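The values are calculated or read from the model by the stated rules, or taken from the named source; none is laboratory data. As the structure is a computational prediction, the values presented were derived from the model and not from experiment. Please note: Cβ atoms are built from the backbone with ideal geometry, for glycine as well, and neighbour counts cover all protein chains shown.
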Amino acid sequence: MDFQQVIDTDGRIEPRDQMPDAYRQTLVRQIAQHAHSEIIGMQPEGNWITRAPSLRRKAILVAKVQDEAGHGLYLYGAAETLGVDRAELLDLLHAGRQKYSTIFNYPTTSWADVAAIGWLVDGAAIMNQVPLTRCSYGPYARAMTRICKEESFHQRQGFEAMTVLSRGTAAQQQMAQDALDRWWWPALMMFGPPDAASPNSAQSMAWGIKRFGNDELRQRFVDATVPQAEFLGLTVPDPALSWDGEHHRSGEIDWTEFAEVMKGNGPCNRQRLEFRQQAHADGAWVREAAQAYASKHRPVA
Amino acid sequence: MLWEVFVRSRRGLSHTHVGSLHADDAHLALRNARDVYTRRQEGTSIWVVPAAQIVASSPDEKDAFFDPAGDKPYRHPTFYDVPEGLTHL
Amino acid sequence: MTPVQAYTLRLGDDCLVLGQRLSEWAARAPTLEEDVALLNIALDLLGTARSLLGAVGDEDALAFLRAEPDWTNALLVELDNGDFGRTMARQLLVSAYQVPLWAALASSTDPVLAGVAGKAVKEATYHLDHASAWVVRLGDGTAESHARVQAGLDGVWPYAAELFETDPLVESLVQQGITAAPAVLLPVWQQTVERVLAEATLTVPESSWRPTGGRSGRHTEAFGYLLAEMQHLHRAHPGASW
């Protein structure tokens, strides 16, 4: 069966199959970007590990940030089946030549941000990721299956933490509302530009990499999340939000903000990248040592 | 160096491929596999294999390798009629 | 607080403070694999700490509302992480102590300690294996890694002696069969550490300086910052639930 037949019959492409260059490149770019998002995403939440307000929350947060490292690792592995190397991809990230999700360029300035990230950012990520478990590229789909299975706790812990805050003291409630105010719009932007302005979407859909349009997934997220905010007694920061009898319709998204953050002008773009570059540079001597040791002690075949 | 990881999820089952990881030697590869792939009690035994050591059939040889098995239905029990009313066959 | 509780708290403080230190590595490890591994160790220690603190009182009150002089962890675990070499050297020294300690406590006459130790000994065995593997690779890796891990080891080494100190509390618990005598643990520790350092081509440091005080609440300057960071949010909202 050739590539197109596999795609047409909703089959799966495997690493050594022949595939169009553009398909391979699209996948490498998308999977790498996804992997980068996981490891950059460790920073905003990792920021609160040492300050978590209870030992239970600390353990949950450590486990979650650890999962993100694991998820990055699964995804780099999936990208590597396409003939690229993790080190190469990391170099591209560090050089600013590959992107990661814009959401991680916002700061986590209060504990409620950790809760809001779990609830909103992971909630949006799950919406995006579940369809990817049926992606036409086998290794990516399998990595996503594993990730989605592990990630189901991420959103729940966030919502639980948010529930406690919104039922807590006045200061905690205010912290929770403030976090929702700051994370709501960036979370909606996680689904990407409107389909009409998303030139690559159609091709990705045709290749079975993407299963649903950006707008449809965003709408599903809004429909799922608005009632949750109501449950929490929090106000979604969108005066234009309305119910049309079938759906919760949100107001206009400020796409100029998205474009700015994408360009590198978000509040934390530089900080996140510099942190990554620093960690990578600090670890170089350790990686070299492991290599040197292995070549000294390689078992004779 | 890239390693492929295989995990036996419980006794009685075969090892199954779960993914890959990087390590410079076998000792660390095995421990990394334990940390990365069995955090949620997914395993009772782990294999790690240098990815470069795996010999794989090529998609180009797919027809020659796998098609010839397609026209031998007599290898399968469903090929045979079992007379009505008989059991243990 | 009963003597057993005071002792349980010492062990719990060791685990909590070291877990806190290790969790500072999140997103900073030399490889992604090591990020996962270090946080695994941090989670194990945090889990053990919660069991031990929970056996003494309210875990969060003990973790977040105790003032510095009331903490009884050894100084070694509160030292700053330094580079990866220093972190692994410290881990080796601590885990090589915790393995025989938990092994002995697994048959303690105190059911709480025995229960926690039975689980912790398996975890510590893995931590020791992990730290040993890295100390060996760094020591016997490149000239730079050798120098760095030796420097890290030299820096933390003097603090190890405190782990084997005895005092009236420990002595009375040894007599009751609740814990093992430090004098029994020390040779096991020495043997393990010397074996690993030899394989790592590292020099066993010599030090006549033996800083001490952790068990009686006299800590290093670094510890105040650790507590400030760990406790500030909890303390800023008295009585709040999280």
Specify which of the listed residues (A:202, A:229, A:187) is part of a helix (DSSP H, G or I), surrounded by 20 or more Cβ atoms within 10 Å (Cβ to Cβ), free of Cβ contacts under 8 Å to residues at least 60 places away in the same chain and among the hydrophobic types (A, V, I, L, M, F, W, C).
A:229
Residues satisfying the stated conditions in the range C:1-55, i.e. among the charged types (D, E, K, R), more than 9 Å from chain A (Cβ to nearest Cβ) and buried (at least 24 other Cβ atoms within 10 Å of the Cβ):
C:13, C:14
Can we say residue C:215 is within 17 Å of the chain's Cα centre (by Cα) and either more than 14 Å from chain A (Cβ to nearest Cβ) or modelled with pLDDT under 95 (or both)?
yes
State all residues of the range A:157-177 that are among the hydrophobic types (A, V, I, L, M, F, W, C) and away from chain C (no Cβ under 11 Å); if no residue qualifies, say none.
A:159, A:162, A:176
Is the range C:69-81 home to any residue that is more than 15 Å from the chain's Cα centre (by Cα) and modelled with pLDDT of 95 or more?
yes
Consider the range C:220-234. How many of its residues are more than 9 Å from chain A (Cβ to nearest Cβ) and either in a helix (DSSP H, G or I) or out of contact with any helix residue (DSSP H, G or I) (no Cβ under 6 Å at 6 or more places or on another chain) (or both)?
7
Selected residue (criterion: farthest from the other protein chains (Cβ to nearest Cβ)) from residues of the range C:191-212 that are β-branched (Val, Ile, Thr) and touching a residue at least 60 places away in the same chain (Cβ under 8 Å)
C:212
Tell me which of these residue B:40 doesn't satisfy, since it passes every other one: (1) within 11 Å of chain A (Cβ to nearest Cβ); (2) surrounded by fewer than 14 Cβ atoms within 10 Å (Cβ to Cβ); (3) at pLDDT 95 or above; (4) farther than 30 Å from residue A:17 by Cα.
(3)
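Listed here are the residues, each with its yes/no results for (1) surrounded by 14 or more Cβ atoms within 10 Å (Cβ to Cβ); (2) closer than 24 Å to residue C:86 by Cα.
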{"residue": "C:160", "(1), (2)": "yes, yes"}
{"residue": "C:210", "(1), (2)": "no, yes"}
{"residue": "C:216", "(1), (2)": "no, no"}
{"residue": "C:230", "(1), (2)": "yes, yes"}
The range C:127-141 residues that are more than 8 Å from chain A (Cβ to nearest Cβ), paired with ones that are in a helix (DSSP H, G or I) and among the polar types (S, T, N, Q) (beta carbon under 6 Å, 6 or more apart):
C:127/C:95; C:128/C:95; C:131/C:91; C:131/C:95
Would you check which residues across the range B:51-76 are within 11 Å of chain A (Cβ to nearest Cβ) and closer than 15 Å to residue B:5 by Cβ and list them?
B:51, B:53
Being within 8 Å of chain C (Cβ to nearest Cβ), under 22 Å from residue B:2 (Cβ atoms) and of a type in the set (A, V, I, L, M, F, W, C) is the filter; apply it to the range A:58-89 and report the residue that is nearest to the chain's Cα centre (by Cα).
A:69
I'm trying to understand the selection: among the residues of the range B:43-89, which are in a loop (DSSP other than H, G, I, E, B), in contact (Cβ under 8 Å) with a residue 12 or more places away in the chain and either surrounded by 10 or more Cβ atoms within 10 Å (Cβ to Cβ) or of a type in the set (Gly, Ala, Ser) (or both)?
B:43, B:44
Number of positions in the range A:74-117 that are surrounded by fewer than 17 Cβ atoms within 10 Å (Cβ to Cβ) and under 30 Å from residue A:237 (Cβ atoms):
3
Determine if the range A:237-260 includes at least one residue that is within 14 Å of chain C (Cβ to nearest Cβ), more than 30 Å from residue A:168 (Cα to Cα) and either surrounded by 13 or more Cβ atoms within 10 Å (Cβ to Cβ) or not basic (Lys, Arg) (or both).
no
Going through C:110, C:44, C:60, C:35 one at a time, which residue ends up being in contact (Cβ under 8 Å) with a residue 60 or more places away in the chain and under 30 Å from residue A:290 (Cα atoms)?
C:44
Helices (runs of 4 or more DSSP H) lying entirely in the range A:39-105 (those with 3 or more residues that are free of Cβ contacts under 8 Å to residues at least 60 places away in the same chain and touching a Ser or Thr at 6+ places or on another chain (Cβ under 8 Å)):
A:55-80
Return the residues of the range A:261-301 that are within 14 Å of chain C (Cβ to nearest Cβ) and either under 21 Å from the mean Cα position of the chain (by Cα) or in contact (Cβ under 8 Å) with a residue 60 or more places away in the chain (or both); say none if nothing qualifies.
A:268, A:271, A:272, A:273, A:274, A:275, A:276, A:277, A:279, A:280
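Let's see how each residue does on (1) surrounded by fewer than 22 Cβ atoms within 10 Å (Cβ to Cβ); (2) of a type outside the set (Ser, Thr, Tyr); (3) facing another protein chain (nearest Cβ under 9 Å):
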| position | (1), (2), (3) |
| --- | --- |
| B:3 | no, yes, no |
| B:16 | yes, no, no |
| B:20 | no, no, yes |
| B:27 | yes, yes, yes |
Looking at residue A:1 and the list (1) of a type in the set (A, V, I, L, M); (2) surrounded by fewer than 19 Cβ atoms within 10 Å (Cβ to Cβ); (3) within 14 Å of chain C (Cβ to nearest Cβ), which single condition is not satisfied?
(3)
